[in-house]
Ligand code: TYM
């Protein structure tokens, strides 16, 4: 069976973008794969995190993932810092990848903007750690949203360069699994920016713990234009916010953009937004309710994560030890 690995940063509560771009796919891949799902706290601290908030968000994310349908009994759910193999392999990859490669990473540029000098060194080498996450398990399939595409190409390059430099066939090829619809859910306040945990505006995202009233309010306030919805997908060109809402609707109802526009083309947002709210509430509410139930027993969640970390460690240890041997470390 092929091994699946994916991760999410516990830098906030998962939102609808995380759900549609990644989590929903993770749940589906559980049949037919051995899966590891990782709360990447080492990645999270590449930008400042309040320690108490980081702990709480790590638990909350575990709860959202289980509430969404991740089965930590059959698969592995754990937090990254609990398995030291990630950091050990990341160090080797810091020495395999090239500054030139890292300099081309768009995510680093997006996150730092003009203030590059003030960014942490960790943020710069972030893609090396991400490659280590995947390759420490010889995972071959990685379900992610569209924004992670470049990072996965980078991970493939690292695997190839390691194999080439040390003349081995040790790390496998990685395949990115990116959904066809809603692979990049955009902010509700600005259709040119992706929905993000770190956006300062709560109104920009629907989190997987929002209640029905909050969801309805956020959608009512979502930025749109003054026109009605077009009858064909080409009519969404240049209408970023309208397109985003139609894409969310399509992804959650399992329909194509064309099907949604056949049903709703000609409607104004006054009519479309309540219909969209209903679809979002139907998807999010059961997950939010189950998350709250799980969060009432934090000790159980901690136990699930500790158990996952032990099983992850057992898989990664021999692989990373072998990588260290290949490099020439005395073992
Ligand atoms: P993170 O925490 O930003 O996001 C987790 C997953 O959600 C997807 N995603 C989105 N999909 C659609 N629309 C959006 N607006 C949106 N925002 C986020 C992301 O593509 C991702 O799949 N670097 C990763 C975490 C990571 C990882 C890994 C992933 C660390 N190591 C190894 C895969 C394999 C990240 O920051 O995800």
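Nothing in this text is a laboratory measurement; each read-out follows from the coordinates by a stated rule. Fair warning: this is a prediction, and the values are worked out from it, not measured in the lab. No Cβ is skipped: glycine too gets one built from the backbone with ideal geometry, and neighbour counts run over all protein chains shown.
The three principal axes of the Cα atoms in the chain give end-to-end lengths of 69, 45, 40 Å, sorted in falling order. DSSP beta bridges confined to the chain are antiparallel in about 10 percent of cases.
Between residue 160 and residue 231, the simple label model (points 7 Å from Cα in the Cβ direction) yields a spacing of 4.8 nm.
Judged by the ratio a/c of the largest to the smallest principal axis of the C-alpha gyration tensor, the stretch 140-193 counts as prolate, that ratio being 1.5 or greater while a/b is larger than b/c. In this label model, residue 95 and residue 307 are separated by 3.8 nm, measuring between points 7 Å along each Cα→Cβ vector. Residue order for 195, 1, fewest other beta carbons within 10 angstrom first, comes to 1, 195.
Run the numbers on the chain and let me know its relative contact order in percent, using alpha-carbon pairs under 8 Å that are six or more apart. List each step's numbers first, then the result.
Working: 519 pairs, mean separation 78.8, N = 331.
It comes to 24 percent, rounded to a whole number.
On the beta carbon distance between residue 271 and residue 203, with R0 = 22 Å, the FRET formula returns roughly 0.55.
At a 10 angstrom cut-off on C-beta neighbours, averaged per residue, how do the peptides 145-157, 226-238 rank from highest to lowest? Please report the intermediate quantities before stating the final value.
Values: 145-157: 18.8, 226-238: 13.5.
With the highest mean Cβ count within 10 Å placed first, the list reads 145-157, 226-238.
From its DSSP helices (H runs of at least four residues, each -39,500 (n - 2.57)), the chain gives a residue-normalised ellipticity at 222 nm of -16000 deg cm²/dmol.
When a footprinting reagent is the concern and you count Cβ atoms within 10 Å, what order do 31, 190 take, fewest first? Intermediate values should be presented prior to the final figure.
Numbers: 31 8, 190 16.
If I rank by nearby Cβ atoms, fewest first, I get 31, 190.
Just check the stretch 1-132 against the gyration tensor rule for me: Cα atoms, a ≥ b ≥ c as the square roots of the eigenvalues, rounded for a/c under 1.5, and otherwise prolate or oblate depending on whether a/b exceeds b/c. Judged from the Cα gyration tensor, the stretch 1-132 comes out prolate (a/c at least 1.5, a/b above b/c).
I need the shape label for the stretch 209-293. Rule: rounded when a/c is under 1.5, else prolate if a/b > b/c, else oblate, with a, b, c from the alpha carbon gyration tensor. Working shown, then result.
Numbers: a/c = 2.56, a/b = 1.81, b/c = 1.41.
Prolate is the answer for the stretch 209-293, as a/c is 1.5 or above and a/b outweighs b/c.
Among 180, 112, 291, the ranking by other beta carbons within 10 Å of each residue's beta carbon, starting with the fewest, stands as 180, 112, 291.
Give the angle, between 0 and 90 degrees and rounded to the nearest 10, that separates the Cα long axis of helix 126-135 from the longest principal axis of the Cα atoms of the chain. Orientation of helix 126-135: about 70 degrees from the principal axis.
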